[in-house]
Amino acid sequence: MDYTTEAILEGISMSNNDVLNYIYKKFFPSIRNFIENNNGNEEDARDLFQEAIIVIYRKMKKEPLVLSCNFKTYIYSICRLLWLKQLEKKKNSNEINSEGVLDNRLDEASETYDQTEKYRLYQKHFQKLGPDCKKVLQLALDKISLKEIADIMGYKSEKYAKKRKFQCKQMLIESIKSDNEFKEVYDE
């Protein structure tokens, strides 16, 4: 079964496994070929392809996505720009066999890539927190009031909920800052 571009975008936004499997089978081979022809391997291609899907998903969560090209062209360009950004980061950009010259789209892809890397680092350390901290911070991110957080978590007061939120946030920040990847991701 073939999906339209609209159905693919809807499938991504709904995390539909059938659509995601279709995208992988249909579009991954050309991405893998591009990566392998430009100083990468299949593992790089898999990581990058997954990252591109995440970029599209996050972009759609911010605002409706209307494409002026087909999905194959869109995902290929995102993967291409993300890979060029990675090569640039590794100082290998002079070895790229790309069919075009970098333009202002690379800046947009760079920004998206940087945001994705920061989010990935944040998620890595967020998952390491204890269940109590994860829940407190998730409630705070969901803009739940401190009073409601205190009620939900069974804390005695709003003041303690505020203190606990601060402690958890500090633990998360310290954990991220102690990661070796922190300097790479936040070095601007």
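The values are calculated or read from the model by the stated rules, or taken from the named source; none is laboratory data. Please read all numbers here as calculations on a predicted model, not as lab measurements. As a convention, Cβ positions derive from the backbone with ideal geometry for all residues, glycine included, and neighbour counts pool all protein chains shown.
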Per-region count, region 56-66, residues surrounded by fewer than 13 Cβ atoms within 10 Å (Cβ to Cβ) and within 12 Å of residue 6 (Cα to Cα)
2
Among helices (runs of 4 or more DSSP H) lying entirely in region 1-68, which contain 1 or more residues that are over 20 Å from residue 81 (Cβ atoms) and among the hydrophobic types (A, V, I, L, M, F, W, C)?
5-13, 17-36
From the list 27, 71, 49, which residue is farther than 25 Å from residue 123 by Cβ and surrounded by 14 or more Cβ atoms within 10 Å (Cβ to Cβ)?
71
Taking the stated definitions as given, is residue 138 closer than 30 Å to residue 52 by Cα and either of a type in the set (A, V, I, L, M) or without any contact (Cβ under 8 Å) to a residue 24 or more places away in the chain (or both)?
yes
Counting just the residues of region 141-162 that are of a type in the set (A, V, I, L, M, F, W, C) and more than 17 Å from residue 175 (Cβ to Cβ), which one comes out surrounded by the most Cβ atoms within 10 Å (Cβ to Cβ)?
161
Report, by residue number, each residue of region 30-44 that is of a type in the set (S, T, N, Q) and buried (at least 16 other Cβ atoms within 10 Å of the Cβ).
38, 39
Could you say whether any residue in region 126-143 is more than 26 Å from the chain's Cα centre (by Cα), farther than 26 Å from residue 58 by Cβ and part of a helix (DSSP H, G or I)?
no
Positions within region 138-171 being at pLDDT 90 or above and of a type in the set (Lys, Arg), in sequence order:
147, 156, 159, 162, 163, 164, 165, 169
Out of 89, 135, which single residue is surrounded by fewer than 17 Cβ atoms within 10 Å (Cβ to Cβ) and at pLDDT 85 or above?
135
Can you confirm whether region 48-59 contains a residue that is acidic (Asp, Glu) and touching a residue at least 40 places away in the same chain (Cβ under 8 Å)?
yes
